[in-house]
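Rule-based calculations on the coordinates, nothing more; no lab input. Since the model is a prediction, treat every value here as computed from it, not as a measurement. Virtual Cβ from ideal backbone geometry, glycine too; neighbours counted across all protein chains shown.
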Amino acid sequence: MENITIMPATNNELAPIKELLKQASLPFEDIDKHISNFLIARMDENIIGAVGLEIYDDNALLRSIVVVQEMR
């Protein structure tokens, strides 16, 4: 298996994360507000997955978990 790196998402990854979510038929429209609570998985330069939380005070909602179809 190739090297997979997990790292915090930044605003630069918004478009590819939205595309991954869209391809998986998951909501993507408002992730901009929560991008600081997302992690991405990269293989080489490609984003192959993402996971995010919506944090409200002491509570969190698991926002999304998505992995590209080929890696599932």
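Remarks
- Test for residue 70: is it surrounded by 13 or more Cβ atoms within 10 Å (Cβ to Cβ), at negative phi and not in a loop (DSSP other than H, G, I, E, B): no
- Only a single item in (1) more than 20 Å from residue 22 (Cβ to Cβ); (2) touching a helix residue (DSSP H, G or I) at 6+ places or on another chain (Cβ under 9 Å); (3) not basic (Lys, Arg) is not met by residue 58, and it is number (2).
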